[in-house]
Amino acid sequence: MTALLEVKDLQVRVDDREILHGLTMTVNGGEVHAIMGPNGSGKSTLSHVIAGKPGYEVTGGEILFKGEDLLEMEPDERAAKGVFLAFQYPVEIPGVTTMNFLRTAVNAQRKARGEDEYLVPDFLRKVREVAASLNIPMDMLKRGVNVGFSGGEKKRNEVLQMALFQPSLCILDEMDSGLDIDALRVAADGVNALRSPDRAMVVITHYQRLLNYIVPDVVHVMSQGRVVKSGGKELALELEATGYAQYEEVAA
Ligand SMILES: Nc1ncnc2c1ncn2[C@@H]1O[C@H](COP(=O)(O)OP(=O)(O)OP(=O)(O)O)[C@@H](O)[C@H]1O
Ligand SMILES: [Mg+2]
């Protein structure tokens, strides 16, 4: 079996400073992986490099997605192949309604895969159904993408995108930050509904609490640009008790 995502000895620089120093991890279809680690350890950087956000220089290592060289692909090509990143800080796009953005993005991905584009009524029905399950009022979707959305609304909007795009690799960067207790449960239910044998999730979080809702198969600890420890879901509980000090020494 080919792994869904293989990150091998990845080295990444931003502005001549090395941020990832040989990061390795493998995610198979059907698995949920959690990445934890102190502020500044490189978690968002890893997610950005996988999604293809510009501004990062890969100086070593490789990333394979379904056995293909991901780093050779443009960001839109990666999205069409099934890579999705829910951003830690979702961006506002004034002047583009959320609804239009969603439909354009879904159709562009379908087209790139040689699938039929959604007709407007079919798409509306689909969005209505998914938005309702995430407690997102349809009125919100008439507003510019994320414009004036509260922190929690932005996060729910990311989960809405994910549910519509049906990606095979979902990376969720601090999805739980800014969500109230009820919204956290709703968003986590939305994520769990997408769990399937041919899809994998990488959940970046600081809080073990999220992992009570989205139970991971594997937990990785990142420190100073590397994965320094991997284990089962009990590792998250252990971290809650011990903190990161012991891992900072390992990485140094
Ligand atoms: N564009 C940039 N220019 C300079 N330094 C950067 C840039 N992007 C990231 N870094 C640095 O890289 C390191 C890793 O940042 P990253 O955002 O990946 O951390 P993180 O693990 O996601 O942290 P957090 O838990 O706070 O979200 C930090 O020290 C950060 O300052
Ligand atoms: Mg981050």
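Couple of notes before you dig in:
- Within segment 123-161, the set of residues being farther than 20 Å from Phe87 by Cβ and of a type in the set (Gly, Ala, Ser) comprises Ala132, Ser133.
- Qualifying positions in segment 37-55 - away from ligand 2 (no atom under 11 Å from the Cβ) and surrounded by 18 or more Cβ atoms within 10 Å (Cβ to Cβ): Val49, Ile50, Ala51, Gly52
- Scope segment 25-60; condition in contact with a Pro (Cβ under 8 Å, 6 or more places away or on another chain) and part of a helix (DSSP H, G or I); matching residues: Ala51
- Top-ranked residue in segment 204-232 [being more than 16 Å from ligand 2 (Cβ to nearest atom) and part of a strand (DSSP E or B); ranked as nearest to Gly29 (Cα to Cα)]: Val218
- Flag for Ile181 being modelled with pLDDT under 95 and among the β-branched types (Val, Ile, Thr): yes
- Scanning segment 13-24 for residues that are more than 14 Å from ligand 2 (Cβ to nearest atom) and either part of a strand (DSSP E or B) or β-branched (Val, Ile, Thr) (or both) yields a total of 7.
- Of the candidates Lys53, Lys43, the single residue that is of a type outside the set (Ser, Thr, Tyr), within 16 Å of ligand 1 (Cβ to nearest atom), within 23 Å of Val147 (Cα to Cα) and at pLDDT 95 or above is Lys53.
- Number of the condition not met by Ala187 [criteria: (1) modelled with pLDDT under 95; (2) surrounded by fewer than 20 Cβ atoms within 10 Å (Cβ to Cβ); (3) more than 18 Å from Asn39 (Cα to Cα)]: (2)
- Cross-chain or 6+ apart pairs with Cβ under 9 Å, segment 216-228 first and among the aromatic types (Phe, Trp, Tyr) and at pLDDT below 95, then away from ligand 2 (no atom under 16 Å from the Cβ) and assigned to a strand (DSSP E or B): none
- When segment 170-183 is limited to residues that are touching a helix residue (DSSP H, G or I) at 6+ places or on another chain (Cβ under 8 Å), over 11 Å from Ser47 (Cα atoms) and of a type in the set (A, V, I, L, M, F, W, C), the one that is surrounded by the most Cβ atoms within 10 Å (Cβ to Cβ) turns out to be Met175.
The values are calculated or read from the model by the stated rules, or taken from the named source; none is laboratory data. Keep in mind the model is a prediction, meaning the values are calculated, not measured. Here the Cβ is made from the backbone with ideal geometry for all residues, glycine too, and neighbour counts use every protein chain on show.
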